[in-house]
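Peer 1: Have a look at this one.
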Ligand SMILES: [Zn+2]
């Protein structure tokens with residue numbers, strides 16, 4: 001099952017229904033002579049993605065490119081499967097992420113350790129992308145996807161190898177996870193402090209950089225679109241500070257206890273904005289257990305640096 005939403009005459013949002021959940025993971029289809037995707041989603045929802053492409057009137061065999069914001073499997077897990085199915089499809093990625101698309105063994109092993117027995121059901125099979133079809137985008141690189149000319153922006157914080165794609169002509173920016181998790185219609189931003197590279201300092205700098213661009217619309221992977229840009233980014237910054245503070249206060253706790261605290265805090269916020277029922281969706285997108293692991297890893301490293 002998938003559901004598509006037109007965001008502009010040349011831009012379609014495909015809801016991949018990750019874990020049967022609407023508005024959890026989106027993929028953006030850019031229309032034009034050479035249709036392209038931003039984010040492949042995980043391999044587990046590949047069929048839903050392709051169904052969405054067809055619903056948009058595009059033959060999936062015409063797809064020429066998939067650009068990923070980062071290589072976490074909920075964003076790029078199906079890139080290899082797409083490359084295998086469609087020989088003309090090229091893959092674009094941050095320089096630090098490229099080697100993991102070409103040889104995903106280490107990424108898969110560490111994700112299996114993180115996620116445990118649900119790994120296969122949630123992410124599916126991770127297939128390598130042939131090296132000659134992986135193209136790196138350095139900060140400021142220009143790329144044409146569909147009919148849009150986009151600029152790749154190095155935007156670390158959630159991950160070191162993270163790009164946002166900025167369309168100066170429209171003011172749209174495809175933000176991956178750097179603008180956090182905010183389900184359309186719900187004015188609550190969750191900060192995905194996913195291990196192993198959560199870096200609040202780098203993240204604040206990335207937010208400041210995005211803010212200076214004169215954005216008109218945020219298109220995050222989980223789950224756009226959003227036009228309440230100023231308050232979303234402010235909430236994201238406040239959320240970052242709160243997460244770091246809770247992490248520091250909880251540095252001697254186990255991950256499960258911290259996860260319960262994070263989940264409770266999230267429910268309080270969701271209730272305040274009138275959407276307590278959205279907690280389930282937020283937990284599907286980035287579980288509090290995952291955020292707790294990443295946060296504890298960050299505060300442990302921080303203590304080691306200070307010692
Ligand atoms: Zn994500």
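Peer 1: When a footprinting reagent is the concern and you count Cβ atoms within 10 Å, what order do 71, 14 take, fewest first?
Peer 2: Fewest-to-most ranking of 71, 14: 71, 14.
Peer 1: Choose one answer from 157, 116, 80: the residue with the largest mean-square fluctuation in a GNM of the chain with alpha-carbon springs under 10 Å.
Peer 2: Fluctuation is largest for 116.
Peer 1: What is the order of 177, 154, 10, fewest Cβ neighbours within 10 Å to most?
Peer 2: Fewest-to-most Cβ neighbours within 10 Å comes out as 10, 154, 177.
Peer 1: Could you work out how far the C-alpha centroid of the stretch 129-143 sits from that of the stretch 267-290, in angstrom?
Peer 2: Here the two parts' Cα centres lie 35 Å apart.
Peer 1: List the relative contact order of the chain as a percent without decimals, with contacts defined as Cα pairs under 8 Å and 6+ residues apart.
Peer 2: 15 percent
Peer 1: For a paramagnetic label modelled at 7 Å from the Cα of residue 62 toward its Cβ, which residues of the stretch 36-54 fall within the zone defined by backbone nitrogen distances under 14 Å?
Peer 2: 36-37, 53-54, by backbone N distance to the label point.
Peer 1: For the modelled label position 7 Å from the Cα of residue 261 along Cα-to-Cβ, which residues of the stretch 292-307 have backbone nitrogen atoms closer than 20 Å?
Peer 2: Zone members listed by number: 292-306.
Peer 1: Moving to a separate point now. What's the center-to-center distance, using Cα atoms, between the stretch 12-26 and the stretch 40-95 in Å?
Peer 2: 14 Å
Peer 1: Can I ask one more? If one takes the longest principal axis of the Cα atoms in the chain, at what angle in degrees, from 0 to 90 and to the nearest 10, does the Cα axis of helix 46-55 lie?
Peer 2: Between helix and principal axis, roughly 50 degrees.
Peer 1: Calculate how many DSSP beta bridges within the stretch 3-306 are antiparallel, expressed in % of all such bridges and rounded to the nearest 5.
Peer 2: Rounded to the nearest five, the antiparallel share is 65 percent.
Peer 1: Further question on the same structure: Volume per residue, Å³, of the convex hull around the alpha-carbon atoms of the chain?
Peer 2: Considering the Cα atoms of the chain, their hull volume per residue is 120 Å³.
Peer 1: Could you check the simple spin-label distance between residue 307 and residue 135, using points 7 Å along Cα→Cβ, in nm with one decimal?
Peer 2: Modelled inter-label distance: 4.7 nm.
Peer 1: Using 0.36 nm per residue, how much length does the chain from residue 3 to residue 20 gain when fully extended, once their Cα-Cα distance is taken away?
Peer 2: Extra length from residue 3 to residue 20 when fully extended: 4.9 nm.
Peer 1: Using the Cα gyration tensor of the stretch 42-166, with a ≥ b ≥ c the square roots of its eigenvalues, what is the shape: rounded (a/c below 1.5), prolate (a/b larger than b/c) or oblate (neither)?
Peer 2: Verdict is oblate for the stretch 42-166.
Peer 1: Fewest first, what order do 273, 134, 191 take by the number of other Cβ atoms within 10 Å?
Peer 2: Ascending number of Cβ neighbours within 10 Å: 273, 134, 191.
Peer 1: What ranking, highest mean first, results for peptides 32-41, 122-131, 249-258 when packing means the other Cβ atoms within 10 Å averaged over each residue?
Peer 2: 32-41, 122-131, 249-258
Peer 1: If I fit a long axis through the Cα atoms of helix 105-115 and take the longest principal axis of the Cα atoms of the chain, what angle between them do I get, 0 to 90°, rounded to 10?
Peer 2: Relative to the chain, helix 105-115 is tipped by roughly 50 degrees.
All of the numbers you see were taken from the coordinates with simple rules; none came from a lab. Because the structure is predicted, anything quoted here is derived from the model rather than measured. Virtual Cβ from ideal backbone geometry, glycine too; neighbours counted across all protein chains shown.
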